[in-house]
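Q: Would you mind keeping the following structure in view while I ask a few things?
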Amino acid sequence: MGFFRWDRAEGDLVQPWQRLSWPKTIGIGMQHIVAMFGATFLVPVLTGFPPATTLLFSGIGTLLFLTITGNRLPSYLGSSFAVIAPITAATASHGASSALGGLVAVGGLLAVVGIMVHRFGTRWIEGTMPPIVTGAVVALIGFNLAPVAKLKFATDPITAAVTLLALICSLAFFRGMLSRLAIFTSVLLGYCVALVRGQVDTSAVSHAAWFGLPDLQTPTFSAAVLPAFLPVVLVLIAENIGHVKSVAQMTGVSNDHLIGRALFSDGLATMLGGAGGGSATTTYAENIGVMAATKVYSTAAYWVAGATAVVLSLVPKVGALIATIPPGVLGGITTALYGLVGVLGVRIWVSNRVDFSAPINQLTAAVPLIIGIADFTLVAGGISFGGIALGSVAAIGVYQAMRLLSWSADRLSPSNPDAVEPHPHEVTVR
């Protein structure tokens, strides 16, 4: 079977190597575009990056992902919310180009991890960063953004409240695809409210061209901003592995041998985004929802989605329209979304059945969360380490230190002369 050749689908479930008729495949691809659009464009809007540029590298990254994974792992690479906090901090202190340099570093490290996973498997990741650690890092990144959401909400509480209420009601009332499009529809409703109240300036849209290249920007590298970016790698690792496992569960076909390629692909896509003015990418849960609703897992649909994203990025009016979204709308939507990023960390704990009766798990979660939420800051050698960087280091450090001390105590205990080092998921502290 050639790389770009898909078998015609038979039955209700369409596997990655199968496809429907091309008209239906294109229709499914358009659904993937709509599903990813709401979250993907929010990241550049919140960070001040050009939306069209982010959309361009999102599409290119998706096509690279499909190619590197052998056209067997259906996924759309959208913008990662995990980079919002470090991008905001880096842009404020050293300019947008330094934030792009941070993204290149994140992508490079993720690509290296992908190569190592492809060669050695994932067990070394589980030993160094078990679910209690990765969950804490993901949670603190989301909760660290709480003050940003508050500031945007305060710019226009009425519009923000309407947007937030629309999101809550959409998720509670609608099912299937309409539920997956809740972010998009809520932003649209909030935008209409702001437009009626005269809070939207659309003059830039009318002056924008119909066709043209998006704004590109080159990165610069500053050691001062890198500490805030590197913890994001842990989030991207967790999201990619979770995506591969989810697809395997839905299709009944194991894709564990593709985890290394998936990580490498996402790392390469993130590097390209940072090199040209885009954003970090990650596999999108929104598009997993589309697959679950339609039972169509064909990679052909994702080729359609990736190519369409590239084409849309070449329409400056689209980027100009997105850029007109007022702060009040963003305040309402981010109040929920930043919290959901934090809750994603809690979900990692729940899905992996982390035992919080063990002190090692209690402190591995407690200490980093306080550091991240309060945004502790440490300045050393002219480099500032913020709450995300310090909290991530604390998560790994507390877990590994308590694990070592517990093992040492068992070895020194007269009642356990033959004690051996416990498995990382079975550690207890006395």
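The values are calculated or read from the model by the stated rules, or taken from the named source; none is laboratory data. If you're wondering where the values come from, they're calculated on a predicted model, not measured in any experiment. No Cβ is skipped: glycine too gets one built from the backbone with ideal geometry, and neighbour counts run over all protein chains shown. Each accessible area value is taken on the protein alone, full model and side chains, heavy atoms only, with ligands, DNA and RNA left out. Shrake-Rupley method; radii C 1.70, N 1.55, O 1.52, S 1.80 Å.
Q: Only one residue in 380, 336, 366, 389 is open to solvent by less than 60 Å² (accessible area, probe 1.4 Å), under 26 Å from residue 143 (Cα atoms) and at pLDDT 85 or above, so which one is that?
A: Exactly one of 380, 336, 366, 389 is open to solvent by less than 60 Å² (accessible area, probe 1.4 Å), under 26 Å from residue 143 (Cα atoms) and at pLDDT 85 or above, namely 366.
Q: Please work out if residue 117 is within 21 Å of the chain's Cα centre (by Cα) and more than 30 Å from residue 192 (Cβ to Cβ).
A: Spelling it out, residue 117 is indeed within 21 Å of the chain's Cα centre (by Cα) and more than 30 Å from residue 192 (Cβ to Cβ).
Q: Here's a follow-up. Counting just the residues of the range 183-203 that are of a type in the set (Val, Ile, Thr) and assigned to a helix (DSSP H, G or I), which one comes out surrounded by the most Cβ atoms within 10 Å (Cβ to Cβ)?
A: 187
Q: Okay, next question. Being surrounded by 24 or more Cβ atoms within 10 Å (Cβ to Cβ) and closer than 15 Å to residue 44 by Cβ is the filter here; which residues of the range 91-119 pass it?
A: 99, 100, 103
Q: Turning to a different aspect of this structure: Do you know which residues across the range 344-363 are closer than 17 Å to residue 141 by Cα and open to solvent by less than 20 Å² (accessible area, probe 1.4 Å)?
A: Across the range 344-363, the qualifying residue is only 345.
Q: Among what's in the range 157-181 and is assigned to a loop (DSSP other than H, G, I, E, B) and open to solvent by 50 Å² or more (accessible area, probe 1.4 Å), pick the residue that is modelled with the highest pLDDT.
A: 174
Q: Mind telling me which of the residues 292, 374 ends up being open to solvent by 10 Å² or more (accessible area, probe 1.4 Å), free of Cβ contacts under 8 Å to residues at least 60 places away in the same chain and over 30 Å from residue 227 (Cβ atoms)?
A: 292
Q: Tell me whether the range 64-78 contains one or more residues that are touching a residue at least 40 places away in the same chain (Cβ under 8 Å), under 22 Å from the mean Cα position of the chain (by Cα) and within 25 Å of residue 328 (Cα to Cα).
A: Yes - at least one qualifying residue is present in the range 64-78.
Q: Inside the range 65-85, can you point out the residues that are β-branched (Val, Ile, Thr) and either in a loop (DSSP other than H, G, I, E, B) or closer than 18 Å to residue 15 by Cβ (or both)?
A: 69
The rows are residues; the columns are (1) of a type in the set (A, V, I, L, M); (2) touching a helix residue (DSSP H, G or I) at 6+ places or on another chain (Cβ under 7 Å); (3) in contact (Cβ under 8 Å) with a residue 60 or more places away in the chain; (4) under 30 Å from residue 320 (Cα atoms).
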site: 109; (1), (2), (3), (4): yes, yes, yes, no
site: 123; (1), (2), (3), (4): no, no, no, no
site: 127; (1), (2), (3), (4): no, yes, yes, no
site: 141; (1), (2), (3), (4): yes, yes, yes, yes
site: 145; (1), (2), (3), (4): yes, yes, yes, yes
site: 191; (1), (2), (3), (4): no, yes, yes, yes
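Q: Name every residue in the range 231-261 that is at pLDDT 85 or above, within 15 Å of residue 80 (Cα to Cα) and either open to solvent by 10 Å² or more (accessible area, probe 1.4 Å) or aliphatic (A, V, I, L, M) (or both), in order of residue number.
A: 232, 233, 236, 237
Q: Looking at 55, 77 in this structure, which one is surrounded by 24 or more Cβ atoms within 10 Å (Cβ to Cβ), under 21 Å from residue 320 (Cα atoms) and not aromatic (Phe, Trp, Tyr)?
A: Unique residue meeting the criteria: 55.
Q: Scanning for something of a type in the set (Phe, Trp, Tyr) and over 17 Å from the mean Cα position of the chain (by Cα), does the range 224-240 turn up at least one residue?
A: Scanning the range 224-240, I find no residue that is of a type in the set (Phe, Trp, Tyr) and over 17 Å from the mean Cα position of the chain (by Cα), so the answer is no.
Q: Kindly indicate whether residue 68 is open to solvent by 30 Å² or more (accessible area, probe 1.4 Å), touching a Ser or Thr at 6+ places or on another chain (Cβ under 7 Å) and of a type outside the set (Ser, Thr, Tyr).
A: The answer is yes for residue 68.
Q: Which residue, of 282, 308, is in a strand (DSSP E or B) and either among the β-branched types (Val, Ile, Thr) or closer than 25 Å to residue 28 by Cα (or both)?
A: Going through 282, 308 in turn, the sole match is 282.
Q: For residues that are aliphatic (A, V, I, L, M) and open to solvent by 40 Å² or more (accessible area, probe 1.4 Å), scanning just the range 19-52, find the one that is modelled with the highest pLDDT.
A: My answer is 26.
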